[in-house]
Amino acid sequence: MIKQIIPFILMFVLAGCTTTEYVKITPLTKIVTGELTNFAQQQNTFAWYPSHSKTFLPDSANKKLFTEYTQGAITKIMQDKGYTLVDEPQQADFLIGYGLAIESELSDEEIFDKVGNTVGLVLNHLDPTKFQKGSALIAFYQPQTLLPQWQVLAQGIAKNKVSNQEREKNIYAVMYSMLNKVPARVVKQPVSN
């Protein structure tokens, strides 16, 4: 009997010894439009959409830092999925654009006017001095026509005052959640003779 129980105790003890760093983010409400079927087989390279970022943040926010964090997160996530960033938009298979906003700077109605969608998350119960509704958009465009082929719009709760390190982690976690349905490319290994 003891020989049967020891493996379970050992498994429980070892499982308790592992550590993983998780970035805790508030739940996101997302709307996805477009199709990614066969995307990984047909697309390999990406570039940034001309004037690729739009930020609707208060003047007190460091927009350059938000842009740097967002662009860095998207680049890393897409490269980890096997896509290659190229400098020239004309040489890319698809273009990526993104936007960031908080409710005090861009309303749901204005978001709808700009992207044709809105999530409509309601956060009236939160203290606006501590939290605001944050919105993020990531879109993939066809390089020849600049028409969107896929986009994800997300909204969630954004804390007003956090450290830059926490902000960077939060932005990465949000971008990762938004891009989680983008298929990873299967890299074909050369056949050796």
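The values are calculated or read from the model by the stated rules, or taken from the named source; none is laboratory data. Bear in mind the structure is a predicted one, so any value in this text is a computation, not a measurement. Don't worry about glycine lacking a Cβ; one is built from the backbone with ideal geometry, like all the others, and counts go over all protein chains shown.
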When only residues in the stretch 72-83 that are touching a strand residue (DSSP E or B) at 6+ places or on another chain (Cβ under 8 Å), of a type outside the set (F, W, Y) and buried (at least 18 other Cβ atoms within 10 Å of the Cβ) count, which is nearest to M178 (Cα to Cα)? I74
Which ones in the stretch 62-106 are part of a strand (DSSP E or B), modelled with pLDDT under 90 and β-branched (V, I, T)? I102
All positions within the stretch 32-53 that are modelled with pLDDT under 85, in a strand (DSSP E or B) and surrounded by 14 or more Cβ atoms within 10 Å (Cβ to Cβ): H52, S53
Which condition does T129 not pass, out of (1) hydroxyl-bearing (S, T, Y); (2) exposed (fewer than 13 other Cβ atoms within 10 Å of the Cβ); (3) free of Cβ contacts under 8 Å to residues at least 12 places away in the same chain, if it passes all the others? (3)
Yes or no: K161 surrounded by fewer than 17 Cβ atoms within 10 Å (Cβ to Cβ) and closer than 18 Å to P27 by Cβ? no
V122 is checked against (1) at pLDDT below 95; (2) under 25 Å from N180 (Cβ atoms); (3) more than 19 Å from the chain's Cα centre (by Cα); (4) surrounded by 13 or more Cβ atoms within 10 Å (Cβ to Cβ) and fails just one. What number does that condition carry? (4)
